[in-house]
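Note sheet for the following structure.
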């Protein structure tokens, strides 16, 4: 157990801070993906309404993310390698952000969104478990509060940056590249700042 039961592990602050970059990117993507999807051709249904294209691209990510989390959470428990799940998920997320500007159809974008949803689905149970392992029972509520507050703040700021600063001034490729850089920053902080053994069962 930790020597000080009433302190928060420094690694938890690093983990929470790393999420700022990832959730900034997530907020920006939530704004730009529907706009980007509305511009793409849809081969399945001719003359598909733009709002339907936007809805499909948005829903594909959410459904894939939700369905994959229980399976990925069980797998991360079995392998006991939660940090690896987080890093790999972010790497895939980054590669897909870089791929978005090269999609030419709604179908291809939807496939990428499904894969991205699964990738993030792998990170959510892992990071929640890591927050639990990096906090003591007496400080767990405070630790989760810090993590959740930073996450929500970053998500909102990302949406504001996308809508208030970038929209209308840059091409679609630029926000996707910015998102990729932000997510890479999250992965780098986790790789360098979080010790693998502290995120495993029986570590505390």
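Below are the figures for this structure:
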| item | result |
| --- | --- |
| Residue check for residue 130: surrounded by 16 or more Cβ atoms within 10 Å (Cβ to Cβ) and part of a helix (DSSP H, G or I) | yes |
| Number of the exception - residue 42 against (1) at pLDDT below 90; (2) farther than 26 Å from residue 153 by Cα; (3) buried (at least 22 other Cβ atoms within 10 Å of the Cβ) | (3) |
| Some residue of segment 94-105 being under 22 Å from residue 194 (Cα atoms) and in contact (Cβ under 8 Å) with a residue 12 or more places away in the chain | yes |
| Residue within segment 61-73 that is crowded, with 22+ Cβ neighbours inside 10 Å and part of a helix (DSSP H, G or I) present | yes |
| Residues within segment 88-100 that are over 11 Å from the mean Cα position of the chain (by Cα) and under 9 Å from residue 187 (Cα atoms), tallied | 1 |
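The values are calculated or read from the model by the stated rules, or taken from the named source; none is laboratory data. The shown structure was predicted, so the numbers you read here are calculated from the model rather than taken from an experiment. Backbone-built Cβ (ideal geometry, glycine too); neighbour counts: all protein chains shown.
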